[in-house]
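Notes follow once the structure below has been shown.
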Amino acid sequence: MESENEKNFGAKLKGFFGSVWAGIKKAALFVWKYLKIAGIATFKYLKTRWVGFFLLWPVVILSFIVPFVYKSGFFYTEYESMTAFALPFFIILSFALAFEKHTARYAPVAMFALSLVSLLVFIQTAYMHLSTVFFGGISGNVLEQAGFQFSFCTIALVADMLLCAVAMFFAQFANERSTKAESFDSAPETVLEVKDEKA
């Protein structure tokens, strides 16, 4: 009797873990299916974009890091400024322009302008920090002496501006690139046709 109860308990336990395992596999297949769909959709979307779009991604990443580096070095000091902290987040928000075809061309311009304003506000807020660290004169590595936070924020915002400036000269969408190339290639033929008609 006891062994029969043990067998029944073992069967129930096996059935329980079997159903749990089947549920896990079903959930995993469901997640994999939708991740695969999302991955394919993302890949197809990225194929429609061109160099200008991808050059702006490092700007977004650097702009996200800068406020927290600034906060770690200058908050709770006389160089603290909520404006300097918040401005880089507006650079990130302006990246939204790059996702709409009609506004994509303005994304690098807006991000460049906001990067410049962020740099100027940061320098205006923290430039007195340099007079403190260089009070005894410059010795050794200037960037190291200026401090990691000041050097990183300055270099990152300058890099943002350079990337945005370069992105302005590239198309945001791949079909814009091909359209421009086609119009450029057809231009000499059009000129020749006009000359032939005049002749």
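The values are calculated or read from the model by the stated rules, or taken from the named source; none is laboratory data. All values reported here derive from a predicted model rather than from experimental measurement. Glycine gets a Cβ as well: all are built from the backbone with ideal geometry, and neighbour counts include every protein chain shown. For accessibility, only protein heavy atoms count, side chains too; no ligands or nucleic acids. Shrake-Rupley method; radii C 1.70, N 1.55, O 1.52, S 1.80 Å.
Taking the stated definitions as given, is PHE64 touching a helix residue (DSSP H, G or I) at 6+ places or on another chain (Cβ under 9 Å), closer than 22 Å to ALA110 by Cα, assigned to a helix (DSSP H, G or I) and touching a residue at least 40 places away in the same chain (Cβ under 8 Å)? In short, no. The requirement of being in contact (Cβ under 8 Å) with a residue 24 or more places away in the chain, over 30 Å from ALA126 (Cα atoms) and open to solvent by 40 Å² or more (accessible area, probe 1.4 Å) is not satisfied by LYS33. In this entry, SER63 passes the filter for residues that are of a type in the set (Ser, Thr, Tyr) and either at pLDDT 90 or above or open to solvent by 100 Å² or more (accessible area, probe 1.4 Å) (or both). Every test in (1) modelled with pLDDT of 80 or more; (2) surrounded by 12 or more Cβ atoms within 10 Å (Cβ to Cβ) is passed by GLN145 save one, and that test is (1).
Regarding VAL158, is this residue surrounded by 11 or more Cβ atoms within 10 Å (Cβ to Cβ), at pLDDT 90 or above, over 18 Å from the mean Cα position of the chain (by Cα) and not charged (D, E, K, R)? Spelling it out, it is not the case that VAL158 is surrounded by 11 or more Cβ atoms within 10 Å (Cβ to Cβ), at pLDDT 90 or above, over 18 Å from the mean Cα position of the chain (by Cα) and not charged (D, E, K, R).
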